[in-house]
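For reference, the structure discussed in these notes is given below.
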Amino acid sequence: MPRSKNSVTQKDVAKHAGVSSAVVSYVINNGPRIVNEQTKQRVLKAIDELGYRPNKFAQSLKSEGHHAERQIGVIVGGTTAMLKRPYYGAILAGIYDEAYHAHKRVRFVHFINQLHDPVLFNEHIHDEEVSSLILLSPHLALENKRHIPLFEKITQRIKNIVCLEKAVFDLPAVLFDREDAAYRAVMHLIGLGHREIAHIGRIDERHIGYMKALQTNDLPTPSGFSVQAGLQNSTQEGYESAKKLIMQNDRRPTAIFAVNDEVAIGAMRFLFDHGIRIPEDIAMVSVDDTEIASLVRPALSTIHVPTELMGTYAMRLLDSQADNPDTPPASTVLPIELKIRESCGSHLYRT
């Protein structure tokens, strides 16, 4: 009868990898002796295959009076650049605030790339460590097929999981309708009389909403009017997108839909640098309504997304699933709202 993973020892790993127990210890503890890369990978592979979890982790949990049912883990599907964005900072604030009020603890925040380390994976993705997980933007990680088996292992280890932004693997999610957000923003521009509207930023559901609004109104969709300068949706990419849009097209759009506030603000900087007035020459609308949207000049018209509530509701959905394990999980779609400010130019049309 095979041994359970909880009873796997360092000797078992050493035997499986064909090394001494000392070498296994050096790999786990990153020293004191250096292990050559080929041997190290053999040991890590054995740890992964056997599901080995060093005793020090279990011992430390006991000594801390650790209760896994009150511990939550967060796994981020993108890169560290995500946490530089106020949008994701607000979501994490919602998670931490709700955890505090519910007398729970966010045990860790890991990026998906980190969890390919089997030692770290077995340390934290374990039901003795956490009872629940929040997957923040897991769809970004799944664009790389390398991460798919890892996500499958995660869902096998931890049963109570909620996604944020987009559902994967039939898991429940807390999200907002990106397609509808873009549709509403572009329809507002069309309502102001704009007929040549560009799209800047990552091509995703928001681009579908943009196209839907144009097609609903029988408006042209010039290929040069959809510009994606990168995948991070950063201010720098917004600047580069606006540069490409203006420099590489014979004619200028009268309005721009930006997929988020950072992209919009980067584009606004390019337009300002080149003497293009907002909204007199080009109107601008985006999505998110981060704090800076109301502070820039002209103030940015944008779709308000309740980002902090996304984190709050993710925590509450985890609690609901834990209390009702036999109820099929359901996703939560949060409401959005258009915030009309100066950048769209609506004030120019008032009589």
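If you check Arg316, Arg297, Arg341, Arg269, which single one turns out to be among the basic types (Lys, Arg) and under 30 Å from Val130 (Cα atoms)?
Arg316
Of the residues that make up segment 270-279, is at least one in contact with a Leu (Cβ under 7 Å, 6 or more places away or on another chain), at pLDDT 95 or above and under 17 Å from Glu196 (Cα atoms)?
Yes, the conditions are met somewhere in segment 270-279.
Per-residue answers, yes or no, for (1) in the same structural domain as Leu136 (by TED's automatic domain parsing); (2) under 21 Å from Tyr88 (Cβ atoms):
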position: Lys244; (1), (2): no, no
position: Arg252; (1), (2): no, no
position: Ile256; (1), (2): no, no
position: Asp261; (1), (2): no, yes
position: Ala264; (1), (2): no, yes
position: Phe272; (1), (2): no, no
position: Gly275; (1), (2): no, no
position: Val285; (1), (2): no, no
position: Ala322; (1), (2): yes, no
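What is the one condition in (1) surrounded by fewer than 20 Cβ atoms within 10 Å (Cβ to Cβ); (2) touching a Leu at 6+ places or on another chain (Cβ under 9 Å); (3) within 30 Å of Ile134 (Cβ to Cβ); (4) without any contact (Cβ under 8 Å) to a residue 40 or more places away in the chain that Ala330 does not satisfy?
The failed condition is (4).
All but one of (1) outside the structural domain of Glu240 (by TED's automatic domain parsing); (2) at positive phi hold for Ile161; state the number of the condition that does not hold.
Every condition holds for Ile161 apart from (2).
Within segment 7-30, how many residues turn out to be in a loop (DSSP other than H, G, I, E, B), within 36 Å of the chain's Cα centre (by Cα) and crowded, with 18+ Cβ neighbours inside 10 Å?
Number satisfying all stated conditions: 1.
Starting from segment 16-36, take each residue that is farther than 15 Å from Ile47 by Cα and list its partners that are of a type outside the set (Ser, Thr, Tyr), counting only C-beta distances under 7 angstrom and pairs at least six apart or across chains.
Val35/Val23; Val35/Val27
Taking segment 166-175, which residues are over 10 Å from Thr332 (Cβ atoms) and touching a residue at least 60 places away in the same chain (Cβ under 8 Å)?
Ala167, Leu171 - these are the residues of segment 166-175 that are over 10 Å from Thr332 (Cβ atoms) and touching a residue at least 60 places away in the same chain (Cβ under 8 Å).
Looking at Arg33, Arg42, Arg3, can you tell me which residue is charged (D, E, K, R), modelled with pLDDT under 80 and either within 36 Å of the chain's Cα centre (by Cα) or under 19 Å from His126 (Cβ atoms) (or both)?
Selected residue: Arg3, the only one of Arg33, Arg42, Arg3 that is charged (D, E, K, R), modelled with pLDDT under 80 and either within 36 Å of the chain's Cα centre (by Cα) or under 19 Å from His126 (Cβ atoms) (or both).
If Asn217 passes every condition in (1) crowded, with 16+ Cβ neighbours inside 10 Å; (2) over 19 Å from Ser343 (Cα atoms); (3) at pLDDT 95 or above; (4) in contact with a helix residue (DSSP H, G or I) (Cβ under 6 Å, 6 or more places away or on another chain) but one, which one does it miss?
Of (1) crowded, with 16+ Cβ neighbours inside 10 Å; (2) over 19 Å from Ser343 (Cα atoms); (3) at pLDDT 95 or above; (4) in contact with a helix residue (DSSP H, G or I) (Cβ under 6 Å, 6 or more places away or on another chain), only one is false for Asn217: (1).
From the residues in segment 121-134 that are acidic (Asp, Glu) and assigned to a loop (DSSP other than H, G, I, E, B), which one is surrounded by the most Cβ atoms within 10 Å (Cβ to Cβ)?
Glu129
Starting from residues that are part of a loop (DSSP other than H, G, I, E, B) and among the small types (Gly, Ala, Ser), keep the ones in segment 304-342 and report whichever is nearest to Val287 (Cα to Cα).
Filtering segment 304-342 for residues that are part of a loop (DSSP other than H, G, I, E, B) and among the small types (Gly, Ala, Ser), the one nearest to Val287 (Cα to Cα) comes out as Ser331.
Given the structure, is Leu231 assigned by TED's automatic domain parsing to the domain that holds Ala283, farther than 23 Å from Lys166 by Cα and aliphatic (A, V, I, L, M)?
Spelling it out, it is not the case that Leu231 is assigned by TED's automatic domain parsing to the domain that holds Ala283, farther than 23 Å from Lys166 by Cα and aliphatic (A, V, I, L, M).
Regarding Ser137, is this residue among the small types (Gly, Ala, Ser), in contact (Cβ under 8 Å) with a residue 24 or more places away in the chain and buried (at least 21 other Cβ atoms within 10 Å of the Cβ)?
In short, no.
The values are calculated or read from the model by the stated rules, or taken from the named source; none is laboratory data. Because the structure is predicted, anything quoted here is derived from the model rather than measured. Every residue, glycine as well, gets a Cβ built from its backbone with ideal geometry; the counts of neighbours run over all protein chains shown.
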